[in-house]
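Just below is one structure, and these are the notes that go with it.
The values are calculated or read from the model by the stated rules, or taken from the named source; none is laboratory data. Note that the coordinates shown come from a computational prediction; the quantities given were computed from them, not determined experimentally. Cβ sites come from the backbone with ideal geometry, for glycine too, and all protein chains shown count toward neighbours.
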Amino acid sequence: MSKVFAGLDPATYRPHALHSTERAWPETNCYVDLWIEVLASHGVVPEAMLGFTLTQDFEGDQFTFFKVPLEDLESLYDIRVTELAIFDVVEAHVAEQIRRGRLCLVEMDSFYMPDTRGVAYGIEHGKTTVAINRLDVAARELDYFHNGGFFQLSGEDFDGLFQRNAAEGALPFLPYTEFAKFPAKPKPLAHQRAVAEALLFRHFARRPSANPLQAFQEVFPAKAEALASRDFAFFHKFAFNTLRQFGANFELLAAHLDWLGEGRRFAEAKAHALKLSETGKSVQFQLARALTRKKFDTLSTALLPAVEAWDELMDALEKDLGTVSAAA
């Protein structure tokens, strides 16, 4: 098998609606974005997996880099993901799994990935996860899912990704790699809905015990002011791991509640989730302006709308889920 999903072509591929440019956060993080596109290509609903976003916390210097739990993928879609041991050249392992109809998720260097042009491609080395749909070692080509799209690379970029340009005698880098086994046919929509409903209860029970936005608000002004002594490029790294992570996380939660509620439930909770998302976006702009002007006084209360929205979101969900539980 030369491709996992035979009908896909990077030249004509259209991203899922969760990656629409009309959204506040068209891209979230490499792992979740990748799965959104992979699930859509498999013929199932990506929105069904997003209940896990309720568990995001503030980790002291960053928000949780939210990733769909592998057990959720198996429960919802019967997709089984596990680590792939890399003990030979990476290409050989990937080719074998593609031949078996399995998708390999590989940590790779964005320095060699043309879809990151203007951000990392040819500029800086960075770890990111891709899913390889087609690999042609002889032609030095591959088609891959990354972030919110589906792309192709070849030639010197192929050599760089697979370290074919490494100096003689250099120790090989063996990337962390997972592989996904897909069922013979997609799980039906009714199954996805029933499991997503159960998972929402589970993840709500696993939510942080204290408001993570409150914890972030308490340290944000000092962290923001400290950025002034750093190169402005560091602002993007800080914003990605804080404001973007929680903003994108809660926009995805809103999409999950919209899909699961079908317009009949979760309207209030969805509105609070969107408020969290919008606040992350607006504060990111405020932070950039503050760094430019070297004035940080407005940041002391900038996150208060998000702090309030998180509490209101949890209260609304408690009511919604209690009503559902009582009616069941």
In segment 152-163, the residues that are touching a residue at least 24 places away in the same chain (Cβ under 8 Å) and assigned to a strand (DSSP E or B): Gln152, Leu153
Which listed residue is within 19 Å of Arg206 (Cα to Cα) and either part of a helix (DSSP H, G or I) or in contact with an Asp or Glu (Cβ under 6 Å, 6 or more places away or on another chain) (or both), from Leu73, Leu34, Leu18: Leu73
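When the residues of segment 81-110 are narrowed to those that are of a type in the set (D, E, K, R) and in a loop (DSSP other than H, G, I, E, B), which ends up modelled with the lowest pLDDT? Give the steps one after another, and end with the answer.
The initial filter retains those residues of segment 81-110 that are of a type in the set (D, E, K, R), namely 83, 88, 91, 96, 99-100, 102, 107, 109.
In the following step, the residues that additionally are in a loop (DSSP other than H, G, I, E, B) were identified as 88, 100, 102.
On the way: Asp88: 91, Arg100: 95, Arg102: 97.
Per the stated criteria, the residue is Asp88.
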Val45 in contact with a strand residue (DSSP E or B) (Cβ under 8 Å, 6 or more places away or on another chain) and of a type outside the set (S, T, N, Q): no
Residues that are out of contact with any Phe, Trp or Tyr (no Cβ under 8 Å at 6 or more places or on another chain), among the hydrophobic types (A, V, I, L, M, F, W, C) and surrounded by fewer than 23 Cβ atoms within 10 Å (Cβ to Cβ), drawn from segment 36-63: Ala40
Selection status of Phe216, touching a strand residue (DSSP E or B) at 6+ places or on another chain (Cβ under 9 Å), surrounded by 15 or more Cβ atoms within 10 Å (Cβ to Cβ) and modelled with pLDDT of 95 or more: yes
Phe246 vs. criteria aromatic (Phe, Trp, Tyr), surrounded by 21 or more Cβ atoms within 10 Å (Cβ to Cβ) and under 27 Å from Val45 (Cα atoms): yes
Segment 111-151: number of residues that are under 20 Å from the mean Cα position of the chain (by Cα), within 23 Å of Ala92 (Cα to Cα) and in a strand (DSSP E or B): 13
Residue among Glu308, Glu318 that is in the same structural domain as Phe246 (by TED's automatic domain parsing) and surrounded by fewer than 16 Cβ atoms within 10 Å (Cβ to Cβ): Glu318
Residue in segment 219-241 that is modelled with the lowest pLDDT, counting only those that are under 18 Å from Asp297 (Cβ atoms) and among the charged types (D, E, K, R): Glu225
Close pairs (8 angstrom Cβ cut-off, 6 or more residues apart or separate chains): farther than 17 Å from Trp35 by Cβ in segment 100-115, β-branched (Val, Ile, Thr) anywhere: Gly101/Val4; Asp109/Thr128; Ser110/Thr116; Ser110/Val119; Ser110/Thr128; Phe111/Ile123; Met113/Thr128; Met113/Val130
Test: residue in segment 253-265 that is surrounded by fewer than 21 Cβ atoms within 10 Å (Cβ to Cβ), over 23 Å from the mean Cα position of the chain (by Cα) and part of a helix (DSSP H, G or I): no
Residues (in contact with a Lys or Arg (Cβ under 8 Å, 6 or more places away or on another chain) and aliphatic (A, V, I, L, M)) located in segment 254-291: Ala254, Leu257, Leu260
